[in-house]
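Engineer: Could you have a look at this structure, given as structure tokens, before my questions?
The values are calculated or read from the model by the stated rules, or taken from the named source; none is laboratory data. Computed from a predicted model, the values in this text were never measured in an experiment. Cβ atoms come from the backbone with ideal geometry, glycine included; neighbour counts cover every protein chain shown. Accessible surface areas use protein heavy atoms only, side chains included; no ligands, DNA or RNA. Shrake-Rupley method; radii C 1.70, N 1.55, O 1.52, S 1.80 Å.
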Amino acid sequence: MSKLIRPLGTLLLAAALLGAGPAGAQTADAASAPAMTGAPAGYVAPAEPRPDDTAAERSKSQPGNNAPVWRAVRDTGAVAGYTSLPGVEQGVLIQSMTQYPGSRLTTAGEAWRQVRNQWIIPYGGSLLLIVALAIGLFYWRKGALGGHEPDTGRMIERFTPLERAAHWTNATAFVVLAVSGIVMAFGKFFLLPVLGHTLFGWLTYVLKNAHNFAGPLFAVSLTVVILIFVKDNIASRADFVWLSKAGGLFGKEEIPSHRFNAGEKGMFWWGVTIPGVFIVASGLVLDKLVPGFGELRSEMQIAHMVHAAAAMVMMAILMGHIYMGTLGMKGAYSAMRTGYVDEGWAKEHHALWYDDVKAGKIPAQRSTPVASSVAPQPHASRPA
């Protein structure tokens, strides 16, 4: 074995010595040659990129860098781009910087998204849940109010056919709008996991169209409701007495009031009229039915925030109204369904109105009865 290794080592050493000569010569030549400096002859360096480069200029200095294009997209909120399509904002891809109440200083679209997702949805949803919980606790502790005055069999017309027709039309439109609005705003949290994307998508599509068609009906009927009931919802001295004693909710007897007590008047103004006007006005803008409004995205964003916030307030307050008109007070639903209440009911819940009727200041029969109609029947006696 050693006889084979020794000749092989001799050959490798000789090869190394033979290769050292040329390599050493190359090293010496490289050391003696002048150093290479600068670009090769004929080479032209590309221009340095500048912040105000156009897309064509940047493609020469940094091919593939589309920063000027996206910078122009971002700045279309200040300087609109060119488009051949008709429209006010067709050349604006990203809105300019703005700050809506509750948002950071950012692009208008992002600011609107922050207000919706960080304020309207969480706080609006919490408000509705808190009101529903409060109503449930109140019913659990107090039960249905009234029933302490026995029926007399003598009826008083509380609501005329026109008043009832306006109320039920407006109530029907409100329920459609409320249900569809809740599903569109909160449905992805409690319905989407149950129904799945396909069924939930179809449901929201149907409800969106129902929302759009019920909106004009709500607007017209709301106007009629306000005009009909405003005269009986003006504050009086008795209302301040009613408010000072919380309407007798925490006592054994109700505080005397006129046709509508202070709580009902507050609901009329703060639960129906004021938020209703904001809802209708902003809804008309969202439907692009107001000339000169709704063409700009900022107008639509502001209209949506006003619409959603006012709707949350209106739904929260009317939840209490719906409760008192159904489960919360005995005989209240029958009054709006038939238009009549027993004298005992009127005396218990609206004593001042009852006194005016008995004194002849307000007629007990305010509408002209239809000849073929059946006279109103007295309610069954309620236990004291």
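Engineer: Counting just the residues of the stretch 265-318 that are outside any helix (DSSP H, G or I) and within 19 Å of Gly181 (Cα to Cα), which one comes out nearest to the chain's Cα centre (by Cα)?
Structural biologist: By that ranking, first place goes to Asp287.
Engineer: Could you look through the stretch 233-262, keep only residues that are open to solvent by less than 80 Å² (accessible area, probe 1.4 Å) and assigned to a helix (DSSP H, G or I), and pick out the one that is nearest to Leu177 (Cα to Cα)?
Structural biologist: Ala262
Engineer: With respect to the numbered conditions (1) modelled with pLDDT of 95 or more; (2) in a helix (DSSP H, G or I); (3) open to solvent by less than 40 Å² (accessible area, probe 1.4 Å), which one is the sole condition not fulfilled by Gly109?
Structural biologist: The single condition Gly109 does not satisfy is (1).
Engineer: Can you name the number of the only condition in (1) closer than 30 Å to Ala185 by Cα; (2) modelled with pLDDT under 95; (3) among the aliphatic types (A, V, I, L, M) that Ala80 fails?
Structural biologist: It is condition (1) that Ala80 fails.
Engineer: On the basis of being surrounded by fewer than 19 Cβ atoms within 10 Å (Cβ to Cβ), within 24 Å of Pro216 (Cβ to Cβ) and β-branched (Val, Ile, Thr), does Val290 make the cut?
Structural biologist: Judged against the criteria, Val290 is a match.
Engineer: A further question follows. Taking the stretch 151-191, which residues are outside any helix (DSSP H, G or I), open to solvent by less than 80 Å² (accessible area, probe 1.4 Å) and farther than 29 Å from Leu129 by Cα?
Structural biologist: Within the stretch 151-191, Asp151, Thr152, Gly153, Met155, Ile156, Glu157, Arg158, Phe159, Thr160 meet the criteria.
Engineer: Now, a different point. Could you pull out the residue among Val230, Val194, Val225 that is open to solvent by 40 Å² or more (accessible area, probe 1.4 Å), closer than 28 Å to Ala166 by Cα, out of contact with any strand residue (DSSP E or B) (no Cβ under 9 Å at 6 or more places or on another chain) and in a helix (DSSP H, G or I)?
Structural biologist: Val230
Engineer: Sticking with this structure for a sec: Do any residues in the stretch 284-309 that are touching a residue at least 24 places away in the same chain (Cβ under 8 Å) have Cβ atoms under 9 Å from those of residues that are of a type in the set (Lys, Arg) and part of a loop (DSSP other than H, G, I, E, B), where the two are at least six apart or on different chains, and which pairs are they?
Structural biologist: Glu295/Lys288
Engineer: Restricting the stretch 197-220 to residues that are under 22 Å from the mean Cα position of the chain (by Cα) and polar (S, T, N, Q), which is surrounded by the most Cβ atoms within 10 Å (Cβ to Cβ)?
Structural biologist: Within the stretch 197-220, the match that is surrounded by the most Cβ atoms within 10 Å (Cβ to Cβ) is Thr204.
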